[in-house]
Amino acid sequence: MSEEGSFDVETVARVWSVGLQWPWAVLLVVMLGGNFLFAADQTVLGIAVLVAGLGTAVAGVRTVNRHSADALADGTRNVRRAVAAELDRDDASTSYSLAAGSGSVYGLHCSKRYDLTVVTLGETALTVHHDAAVNLLNTTWTVGDQTEQIPYERITSVTEEDGTLRMELVDGETKSLPTDERPGELLASLSNRLEDSDTPGVGPTLLPSAAKE
């Protein structure tokens, strides 16, 4: 079942929005201020628009760079809680998120949107939620209903390289999950699960490149 919600960024919403879209904001300010300066012959108003607008853009960029990590973490926590609730779990301690950003802007330390894959480790299988997202521009999060369950006994190896987590299955299929950062905690926990579920003839293991912290 799909679910969505919002989160707070602990700053002025307009400044936050301007910061995430600062190139467009600067362009608009220059056009408006230039119109007052050169077309309407209103020098004082034109200068005021330029100073106020460019100042807001600079403040917005600083605000986004200062608070984006916390905003993403807050949105991600909401996604994991929603996934845990959908799976009838008391908490999200066995759920791990893989984030892949899109819509990057020069000068910002974050992307406008992050597509999330949530992997939840159960007793005998893991569950993958493929269509979750955190939108920093709109300060919203969503969890879709595209899920799949993979028994541990089907997994032969797990690797992470070049921004992709790959799970090789016994039938030759490969599950590829995008991620901007190496999911060290997930790899460690999954390694333990695979060792516990090891069966003759299957032998699931983590390859060396994925086993290091």
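Scanning the range 153-170 for residues that are over 19 Å from G103 (Cα atoms), touching a residue at least 40 places away in the same chain (Cβ under 8 Å) and either loosely packed, with under 15 Cβ neighbours inside 10 Å or of a type in the set (S, T, N, Q) (or both) gives T156, S157, T159, E161.
In this structure, W16 does not qualify as aromatic (F, W, Y), open to solvent by 70 Å² or more (accessible area, probe 1.4 Å) and either touching a residue at least 40 places away in the same chain (Cβ under 8 Å) or out of contact with any helix residue (DSSP H, G or I) (no Cβ under 8 Å at 6 or more places or on another chain) (or both). For the range 136-152, the candidate set comprises residues that are crowded, with 17+ Cβ neighbours inside 10 Å and touching a residue at least 60 places away in the same chain (Cβ under 8 Å); within that set, the residue that is nearest to S189 (Cα to Cα) is V143.
Count of the range 115-128 residues, restricted to those that are farther than 13 Å from Q149 by Cβ and open to solvent by 20 Å² or more (accessible area, probe 1.4 Å), is 1.
Restricting attention to the range 27-38, does a residue exist that is open to solvent by less than 80 Å² (accessible area, probe 1.4 Å) and under 30 Å from D145 (Cα atoms)? Looking through the range 27-38, none of the residues is open to solvent by less than 80 Å² (accessible area, probe 1.4 Å) and under 30 Å from D145 (Cα atoms). Of the residues A99, A57, A84, the single one that is closer than 30 Å to D196 by Cα and free of Cβ contacts under 8 Å to residues at least 60 places away in the same chain is A84. Checked against (1) open to solvent by less than 20 Å² (accessible area, probe 1.4 Å); (2) under 16 Å from L121 (Cα atoms); (3) assigned to a helix (DSSP H, G or I); (4) not aromatic (F, W, Y), T63 passes all but a single condition, namely (2).
Which one is most open to solvent (accessible area, probe 1.4 Å) among residues in the range 182-197 that are farther than 15 Å from R166 by Cα and touching a helix residue (DSSP H, G or I) at 6+ places or on another chain (Cβ under 7 Å)?
The extreme case among them is R193.
The values are calculated or read from the model by the stated rules, or taken from the named source; none is laboratory data. Please read these numbers as outputs of a predicted model, since none were measured by experiment. Here Cβ is always computed from backbone atoms with ideal geometry, including for glycine, and neighbour counts include all displayed protein chains. With ligands, DNA and RNA removed, areas are computed over all heavy atoms of the protein, side chains included. Shrake-Rupley method; radii C 1.70, N 1.55, O 1.52, S 1.80 Å.
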